[in-house]
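Inspection log for the structure reproduced underneath, given as structure tokens.
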Amino acid sequence: MSKVNSKKYLSNPGPIDLSHIRDTSEKALQRALLLQTIEGQNSVFNEEKIEWLDIELPVIITPCSRRPSIDLIGRDSQGTLVLCEVKFNNGNDSPHKAEMEILGYLAEIFLHHEELDKNNIHHPNMTHSTFNWGELINTKPRVFIIANCGYWENWQRMFDKEWKKNTDKSKALANGMRIKDNSIECYSIDIDKNYFKNQFDIKSKTKEESYKPVLNVFEWTKIDPLN
């Protein structure tokens, strides 16, 4: 079996536009969080400020033009890097699937961190703070799954429904939704499914085709989902 030429397939992200988007779900939340940091208003997770450094960085080495990417990379108050998977509202991805995604990205970083640093895999306009991929090898990063409250409530309802059926099959389905790695931190923010849609709708009334997502909520609550 031939080896993949990882250098050939590395992506070099261009500048990312945070202020002109149409998305009103996950991408909006990602960008709004990064904008909080850039504008000097860091998010607070369980009473600890997190500085977000970059967004949607591809780490999967593949010939495909569209590559899975880490949603957010940040740094906590102690200087430890944070890898973050973002979900929003009634998405099809269960908490367990989110866990598998973020742990898969972390495995790719461990395999290819030298090439990622050598090829400077960052967005060039994200200069407010820097990191290098090798840090993730030398220090243990924190891993977050974050979402609005509606996402967690939706999956809790589905979990409870299957668990209450009390059959082997239903309990297996319920357990398949759960996060298995106890080191993963889960957080919820109290915004509804229309939080960003309402912002986009206001701009649409003035014939504008995009908007800047703004998150005026800063406090995130740590949760223990699907238990």
In region 76-110, anything among the polar types (S, T, N, Q) and touching a Pro at 6+ places or on another chain (Cβ under 9 Å) is listed as Thr80
Hey, Gly74 touching a Cys at 6+ places or on another chain (Cβ under 7 Å) and either closer than 26 Å to Pro225 by Cβ or in contact (Cβ under 8 Å) with a residue 12 or more places away in the chain (or both) or not:
yes
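Among the residues of region 203-218, write down those that are within 22 Å of Ile38 (Cβ to Cβ) and either in contact with a strand residue (DSSP E or B) (Cβ under 9 Å, 6 or more places away or on another chain) or in a helix (DSSP H, G or I) (or both). Even if it seems obvious, please write down each step before you answer.
Just the residues of region 203-218 that are within 22 Å of Ile38 (Cβ to Cβ), to begin with: 203, 208, 210-218.
The answer is Lys203, Ser210, Tyr211, Lys212, Pro213, Leu215, Val217, Phe218.
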Restricted to region 41-80 and to residues being farther than 24 Å from Leu111 by Cα, touching a helix residue (DSSP H, G or I) at 6+ places or on another chain (Cβ under 9 Å) and in a strand (DSSP E or B), the residue modelled with the lowest pLDDT is Ser43
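Take the residues of region 24-63 that are acidic (Asp, Glu) and within 20 Å of Gln199 (Cα to Cα): which is surrounded by the fewest Cβ atoms within 10 Å (Cβ to Cβ)? Give the derivation first.
Of region 24-63, the ones acidic (Asp, Glu) are 26, 39, 47-48, 51, 54, 56.
With within 20 Å of Gln199 (Cα to Cα) added as a condition, the list becomes 26, 39.
Numbers: Glu26: 20, Glu39: 10.
Among them, the one singled out is Glu39.
Yes/no matrix, rows are residues, columns are (1) surrounded by fewer than 14 Cβ atoms within 10 Å (Cβ to Cβ); (2) of a type in the set (Phe, Trp, Tyr); (3) in contact with a Ser or Thr (Cβ under 7 Å, 6 or more places away or on another chain):
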| position | (1), (2), (3) |
| --- | --- |
| Ser170 | no, no, no |
| Gly176 | yes, no, no |
| Glu185 | no, no, no |
| Asp190 | yes, no, no |
| Lys193 | no, no, no |
| Phe200 | no, yes, yes |
| Lys207 | yes, no, no |
| Tyr211 | no, yes, no |
- Query: Is at least one residue of region 81-89 among the polar types (S, T, N, Q), in a loop (DSSP other than H, G, I, E, B) and farther than 25 Å from Thr130 by Cα?
  - Reply: yes
Considering residues that are touching a residue at least 24 places away in the same chain (Cβ under 8 Å) and either under 13 Å from the mean Cα position of the chain (by Cα) or within 30 Å of Asn175 (Cβ to Cβ) (or both), the number found within region 77-95 is 12
For region 95-120, the count of residues that are touching a Phe, Trp or Tyr at 6+ places or on another chain (Cβ under 6 Å) and not in a helix (DSSP H, G or I) equals 0
Residues in region 186-227 that are among the β-branched types (Val, Ile, Thr) and more than 12 Å from Asn148 (Cα to Cα) total 3
Note on Cys186: of the conditions (1) in a loop (DSSP other than H, G, I, E, B); (2) touching a Pro at 6+ places or on another chain (Cβ under 9 Å); (3) under 24 Å from Glu99 (Cα atoms); (4) not charged (D, E, K, R), unmet is (1)
From the option list Asn125, Asn132, single residue qualifying as surrounded by fewer than 19 Cβ atoms within 10 Å (Cβ to Cβ), in contact with a Pro (Cβ under 7 Å, 6 or more places away or on another chain), closer than 21 Å to Leu33 by Cα and not acidic (Asp, Glu) is Asn125
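The values are calculated or read from the model by the stated rules, or taken from the named source; none is laboratory data. What you are looking at is a predicted structure, and each value in this text was computed from that prediction instead of being measured. As a convention, Cβ positions derive from the backbone with ideal geometry for all residues, glycine included, and neighbour counts pool all protein chains shown.
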